[in-house]
Each structure stands twice: as structure tokens, then as C-alpha cells.
Amino acid sequence: MSRLILARHGQSVSNAVRRFQGVQDVALSELGARQAEALGRAIRPLGIAAVYTSPLERARRTAEIAAAGLGVPLQPVHDLRELSLGEWEGRTVEEIRALPGDPYEQWVRDPVACLPPGAEPLPQVQARVVSAMADIAASHPNGQQVLVVCHGGVISAYLAHCLGLPLSSIWRLTLSNCSITEVAPPSVRSVNSTRHLADLSAGHPMSPSRLGR
């Protein structure tokens with residue numbers, strides 16, 4: 001059975017200012033690059049056999065930094081991209097909260113029923129992510145460990161599937177930038193390990209107040 005080492009990307013420049021990014025291509029911040037270096041040090045002893053990444057820049061660059069020197073190629077997987085946030089992309093949390101009825105608060109309470117205008121439905125996100133993770137696991141059937149660098153929303157949707165949680169509750173999960181979550185499908189071994197980030201500044205957890213993924 002393969003072991004998936006799931007890592008959220010490092011802090012992006014949009015994460016740093018609480019700006020929704022969704023499928024926008026956004027660069028890592030300086031802190032994000034240092035988080036990716038720390039991730040690389042954490043995975044180096046694990047004997048990583050392959051590295052898969054979301055094609056979005058913040059994840060791809062995190063994977064490039066973390067996998068430097070491992071001698072394994074990066075394999076972009078389109079279905080590991082973050083969920084689209086539609087009309088909210090490029091706007092800050094504060095801007096959305098100021099709209100009539102505070103749609104941000106509604107979305108936090110129930111992201112399935114209170115989807116941002118034009119956003120990708122969460123069941124659709126979960127379906128493509130579960131399929132992508134299954135394909136990755138099937139490609140490494142002999143106990144190999146593989147690194148998968150993607151996004152908070154993506155990892156949360158996958159964990160909901162593995163743990164049997166309703167999609168409406170996924171924002172209750174905390175996933176810090178460059179945290180490590182280990183899954184031996186379908187068994188979840190650990191969630192949001194950040195010990196390797198202890199010497200850095202705030203790990204920027206993916207709680208509803210830090211979305212933008």
C-alpha cells in the first residue's frame with residue numbers, strides 16, 4: 001500500500017493579506033519559500049519515490065523547492081488544482097464580509113449550500129480529488145512514499161472522504177501552510193503536522209480567516 005505525504009503549499013502573497021485566490025496563479029511569499037525549504041528537510045529522510053503537484057504556481061514552486069536534490073521528477077496533476085472561488089477570487093475576506101448578509105460567514109457555516117457566485121461545487125471538487133489520489137496511489141502499490149503538494153481545500157475535501165465527514169464541515173479542519181498530512185488510503189495517519197516549521201514565523205493555518213488557499 002502506498003503512503004501519501006500530502007503537503008499544503010507554502011504561504012502565498014495572497015495568503016499573507018487574506019485575499020481569496022482559488023485557481024488564480026499566485027507566487028509564494030518570502031515566508032512561503034522558507035516553509036517549502038523546511039518541508040524539504042522534513043521529507044528528505046523518507047525516501048520519496050515520486051512527487052506530484054497541483055499545476056498552480058504556489059504549489060508547483062513549493063514542490064520544486066521541497067524536492068530539490070531528491071532526484072525525482074515533478075508530475076503536475078490538473079485535478080489537484082485548488083477549488084475555484086468564482087467571483088470572490090482576488091478579493092479580500094474583509095471585502096466579502098462587508099457585502100449584505102455577510103456571505104463569507106454563511107459560506108464558513110455551510111460551504112456546500114452557500115457557494116460563492118460562480119465557484120466550483122464542493123462535491124465536484126471532492127470527486128476529482130478522490131479520483132486523482134486513487135490514481136496516484138495505484139501507481140505506487142508496493143509501499144512507496146510519494147509527496148503530493150496541493151491546496152488546503154483539496155486536502156480538506158480528500159480528508160472528508162477518507163474520514164467520512166460531511167463536506168459542509170470541512171472548514172473545521174486546520175491545515176497550515178506547508179503542513180504534512182499522511183494517508184495510507186483510506187487510512188489517515190496524521191493531519192496538519194507542523195513540527196518541521198517550528199523555527200519559522202506563524203504557520204498561517206488554513207482556517208476560514210486565512211482562506212485563499
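Just a few scattered comments:
- Hey, Leu39 closer than 24 Å to Ala132 by Cα and either in a helix (DSSP H, G or I) or over 14 Å from the mean Cα position of the chain (by Cα) (or both) or not: yes
- Residue that is nearest to the chain's Cα centre (by Cα), among those in the range 42-61 that are surrounded by fewer than 19 Cβ atoms within 10 Å (Cβ to Cβ) and assigned to a loop (DSSP other than H, G, I, E, B): Pro55
- The listed residues are Arg109, Arg128, Arg97, and the only one of them that is closer than 23 Å to Ser54 by Cα and among the basic types (Lys, Arg) turns out to be Arg128.
- Boolean, Ala33 is in contact with a helix residue (DSSP H, G or I) (Cβ under 7 Å, 6 or more places away or on another chain), crowded, with 19+ Cβ neighbours inside 10 Å and either under 22 Å from Ala198 (Cβ atoms) or among the acidic types (Asp, Glu) (or both): no
- Criterion applied to Val183, Val188 was being among the hydrophobic types (A, V, I, L, M, F, W, C), part of a strand (DSSP E or B) and surrounded by 18 or more Cβ atoms within 10 Å (Cβ to Cβ), and the one residue passing it is Val183.
- Taking the criterion of being in a loop (DSSP other than H, G, I, E, B) and either crowded, with 20+ Cβ neighbours inside 10 Å or in contact with an Asp or Glu (Cβ under 7 Å, 6 or more places away or on another chain) (or both), the only residue of the range 62-76 that qualifies is Ala67.
- Test: Ala59 is farther than 17 Å from Gly153 by Cβ, at pLDDT 95 or above and not basic (Lys, Arg): no
- Residue satisfying condition, being part of a loop (DSSP other than H, G, I, E, B) and either touching a residue at least 40 places away in the same chain (Cβ under 8 Å) or surrounded by 15 or more Cβ atoms within 10 Å (Cβ to Cβ) (or both), within set Ala134, Ala119: Ala119
The values are calculated or read from the model by the stated rules, or taken from the named source; none is laboratory data. Model, not experiment: these values are computed from the prediction. Don't worry about glycine lacking a Cβ; one is built from the backbone with ideal geometry, like all the others, and counts go over all protein chains shown.
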